[in-house]
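Heads up: the structure comes next, in structure tokens.
Since every read-out is calculated from the coordinates, none of them should be taken as a lab result. Everything numeric in this text was worked out from a predicted model, so none of it was measured. Cβ: placed from backbone, ideal geometry, glycine included. Neighbour counts: every protein chain shown.
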Amino acid sequence: MCMGNLLRKVDAEIADRVKYCVGEFGRNVVQHAESPAGAVAIAQRFPDAKAVQIVLCDAGRGVMNSLRPYYPELQTDLESLRLATLPHTSGAAPPRPYGRIENMGLGLFFSKEIAWRSGGSFWLASGKGLLGLTASDEHGPRRVYRTINPWPGTLAVIHLPDRASSDFADVLAVCHKLAMQFQSDATVGALEFVDASAELPDDAERIAIAPIQDDLAATHQLRTERLLPSLASGRMVALEFENVRFLSTSVGQALLSDAFRTRGSLTRLVFRNCTRATELAIRTIAAFAKAAYKRRPE
């Protein structure tokens with residue numbers, strides 16, 4: 001469908017969202033893809049489903065190759081996608097060059113937030129990785145992480161309802177607020193908390209925390225023998241907090257402080273099924289780990 005025809009068939013609030021996201025997708029192709037043929041863009045409206053879909057696909061160098069000059073620790077396409085969709089990008093304890101690319105990933109971050117906060121979904125694929133966020137009845141989006149058949153470039157897709165339930169200005173205000181929070185504290189802001197509905201790749205390392213939550217020696221052993229080696233290998237690590245009502249300071253620091261100081265850890269770590277108390281404990285440990293990193297002598 002011609003983009004102009006599609007925009008005339010949806011309400012003005014959705015048309016603004018479509019134009020914004022298409023513009024950001026296109027700028028990423030021009031600035032980062034190095035695709036000799038540019039990109040293909042497709043727009044379609046589904047009257048029965050009362051939805052629209054926008055797809056932009058290129059055959060360029062892919063997300064990981066675009067980011068690797070600045071983030072040499074990247075090992076997988078999936079963690080590269082996670083990094084690309086953070087505002088201003090982020091790392092576990094980011095020294096230079098983490099602060100050098102002020103706008104890298106900001107457009108994708110806004111696009112994913114706009115999509116799911118509008119009742120739709122956002123999908124980004126590159127290489128062997130696929131990242132998805134879909135609107136959920138629960139708090140926050142449902143997340144999908146998959147390993148797929150490889151695509152050499154980048155594929156971006158947004159689904160939106162053809163009628164808006166909120167003002168676009170309000171959605172943008174939330175995006176700007178989140179981006180500013182990330183800029184002031186990227187380490188804490190990049191933590192990924194998911195519920196049981198999140199779809200993880202088959203090769204993700206799943207580590208249950210309940211068996212060691214009251215045992216400091218077992219915590220040290222788990223960190224040394226499983227957590228840190230898995231992070232170093234580039235695998236996604238899902239720390240499972242089912243049946244953990246709270247995380248004590250001593251166990252939390254023993255488990256996570258070294259992980260948070262490991263470059264690239266935040267794009268490999270996922271915290272699953274956390275209570276509010278546990279989430280706050282993890283955020284506090286991340287903040288202290290970042291501050292300790294900053295105080296280290298050169």
TODO: Specify the angular offset, from 0 to 90 degrees and rounded to the nearest 10, of the alpha carbon long axis of helix 276-295 from the longest principal axis of the alpha carbons in the chain.
DONE: 80
TODO: Could you work out how far helix 12-28 tilts from the main Cα principal axis of the chain, as a 0 to 90 degree angle to the nearest 10?
DONE: 70
Task: Relative contact order for the chain, counting Cα pairs under 8 Å that sit 6 or more residues apart, in percent - done: 18
TODO: Give me the Debye-computed log₁₀ of I(q)/I(0) at q = 0.15, 0.17 Å⁻¹ for segment 205-295, equal point scatterers on Cα only, no solvent, two decimals.
DONE: -0.50, -0.65
Open item on the list: Loop-only GluC sites (Glu not before Pro) in segment 191-278, please: DSSP not H, G, I, E or B, and at most 13 other Cβ atoms within 10 Å.
Closed with: GLU242
Task: Antiparallel %, DSSP beta bridges [both residues in the chain], to 5 - done: 75
TODO: Return one number: the angle in degrees, 0 to 90 and rounded to the nearest 10, between the long axis of the Cα atoms of helix 168-184 and the longest principal axis of the Cα atoms of the chain.
DONE: 30
Open item on the list: If you wrap a convex hull around the alpha carbons of the chain, what volume per residue comes out, as a whole number of Å³?
Closed with: 132
Task: Total lysine pairs whose alpha carbons fall under 20 Å of each other in the chain (8 or more apart, or interchain) - done: 7
